[in-house]
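One structure is given below, encoded as structure tokens.
The values are calculated or read from the model by the stated rules, or taken from the named source; none is laboratory data. Since we're looking at a predicted model, the values are computed, not measured. Note that we place each Cβ from the backbone using ideal geometry, even for glycine, and neighbour counts take in every protein chain shown. Quick note on the areas: whole protein, heavy atoms, side chains included, nothing else; ligands and nucleic acids left out. Shrake-Rupley method; radii C 1.70, N 1.55, O 1.52, S 1.80 Å.
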Amino acid sequence: MGTDEVSGTGTSGETTVAELLEMVDQLVSHRPHARCRVGEGPLAPLAQALNRLAASSEEHRAMATEPFGVETLVAQSPIMMMTIDATEHVRFMNYNVPGYTVTRTWKRSIYEFVVPDQVEMVRGHIRRVLETGQPTGYEIRSSIPDGPEWYAVKLGPIRSGDQVVGLTMSLMDITDQKKVQARLEQSNRELEGFASVASHDLQEPLRKIQTFSDRLLATCSDALGPEGRDYLERMNGAATRMRRLINDLLSFSRVSSKAQAFARVNLAEVAREVLEDFEEDSTRAGATVTLGELPALEADPTQMRQLLQNLVSNALKFRRDDVAPVVSIRAMIEPELRRLELRVEDNGIGFDEKYHDRIFNVFQRLHGRGKYEGTGIGLAICRRIAERHGGSIRARSTPGQGSTFIVSLPLKQPNTR
């Protein structure tokens, strides 16, 4: 494209007002390739500024219309994109939907393309964006007979100055993900049923083993002799460990399958109840436990109790010989992120941080069972609880100096999980 230079009418070399006005007319007429003659005098800088503006406009126009520009990107995007005005009518769609051309969808109500029983849900999201200017998202079944079955929808505001005048709607096909999710949910239901049956079928023989071994010790202790009593005690101990393992595995599996709805939880009250449960253990170990201020948050009450129980239990269990345990429970709120950081700190045996990831896996133990009882599932349960709440858990530790477990949790859940 050539460049048209706006020529002056003056007899001197100075840039004139007439030239500047003509250049402005060219820009208003959408001719960004025009250029103003840059002469001399006080108006020359204005001519240069108008030329820079024209060059910038020309560049943006080329980017939008060239084969590698925005129009091509939008037209060929696998994501369906629409703009919707404040009256909730479609003003733009980036490609044809099966059965609906772009021209047929223009200025039609967005609710004509929504499954009837989902209209009110969609209307609520759309009006929330129009009223608040806050983006949102949801999942929806498709109303297109020959199209995808499910979409993930993202809504964002369109602003003119301070006013929200419409919104963008982006729809991504998530049919395959929903099918995978359905298969996983079915698999989880089957596993839950298996776990329930297995727990009963495995627990019953263990109860009988313990019952009959106790009877043998009570009625035939003298006849068995020291060696026989030792065998029975070992058998009883193995059965007890197996029952504990089964119970811990069930607790791990039920973090999601038997979870309660989220509610407002007073974390300080939960922590006090947990410490009361450990009062006898704390006294026996000579432990000092300090409880800082803990906020309320939106969570599963039972799982918050499980989380603190496991962390406090570990702090009391993995203590150094001849050193009284010192345990601190405190929290810090991160207002910008709307999250809390819960810390459980101890002065116990600690661990090498190269095993940081390993300790949160099922059945992973860094110490022998002979000195420290347990199944190696407690921290895995803590991680699963944190992740179910949209949070995370990590640990800092130095061998021989203690550990700090840090749980990051949102103060409010974005939606029901």
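Here the range 305-333 is the region considered, the condition is being under 23 Å from the mean Cα position of the chain (by Cα) and free of Cβ contacts under 8 Å to residues at least 60 places away in the same chain, and the residue that is most open to solvent (accessible area, probe 1.4 Å) is Met332.
For Gly156, the conditions (1) in contact with a Leu (Cβ under 9 Å, 6 or more places away or on another chain); (2) assigned to a loop (DSSP other than H, G, I, E, B) are fulfilled apart from (2).
When we screen Gly2, Gly41, Gly69 for residues that are at pLDDT below 85 and open to solvent by less than 40 Å² (accessible area, probe 1.4 Å), the only hit is Gly69. One residue is enough: does the range 130-138 have a residue meeting the conditions part of a helix (DSSP H, G or I) and open to solvent by less than 30 Å² (accessible area, probe 1.4 Å)? Within the range 130-138 (the criterion being part of a helix (DSSP H, G or I) and open to solvent by less than 30 Å² (accessible area, probe 1.4 Å)), the answer is no, since none of the residues qualifies.
Residues in the range 376-416 that are under 11 Å from the mean Cα position of the chain (by Cα) and charged (D, E, K, R): Glu387, Arg388. If you go through the range 13-57 and pick out every residue that is part of a loop (DSSP other than H, G, I, E, B) and on the phi < 0 side of the Ramachandran plot, you end up with 13. Hey, among the residues in the range 15-38 that are surrounded by 15 or more Cβ atoms within 10 Å (Cβ to Cβ) and acidic (Asp, Glu), which one's farthest from the chain's Cα centre (by Cα)? Restricting to residues being surrounded by 15 or more Cβ atoms within 10 Å (Cβ to Cβ) and acidic (Asp, Glu), the top hit is Glu19. Return the residues of the range 75-95 that are more than 30 Å from the chain's Cα centre (by Cα) and farther than 21 Å from Ile174 by Cβ; say none if nothing qualifies. Scanning the range 75-95 gives Ala75, Asp85, Ala86, Thr87, Glu88, His89, Val90, Arg91, Phe92. Filtered by the rule that a residue be of a type in the set (A, V, I, L, M, F, W, C) and farther than 11 Å from Ser143 by Cβ, the range 111-124 gives a lone residue, Met121.
Within the range 214-228, not a single residue is more than 23 Å from Thr105 (Cβ to Cβ), in a helix (DSSP H, G or I), polar (S, T, N, Q) and touching a residue at least 24 places away in the same chain (Cβ under 8 Å). Scanning the range 168-182 for residues that are among the acidic types (Asp, Glu) and part of a helix (DSSP H, G or I) turns up at least one hit. Just one residue in the set Arg108, Arg183, Arg159, Arg91 is open to solvent by 30 Å² or more (accessible area, probe 1.4 Å), over 23 Å from Val74 (Cα atoms) and not hydrophobic (A, V, I, L, M, F, W, C); that residue is Arg183.
Summed over the range 272-304, residues that are open to solvent by less than 60 Å² (accessible area, probe 1.4 Å) and among the polar types (S, T, N, Q) total 2.
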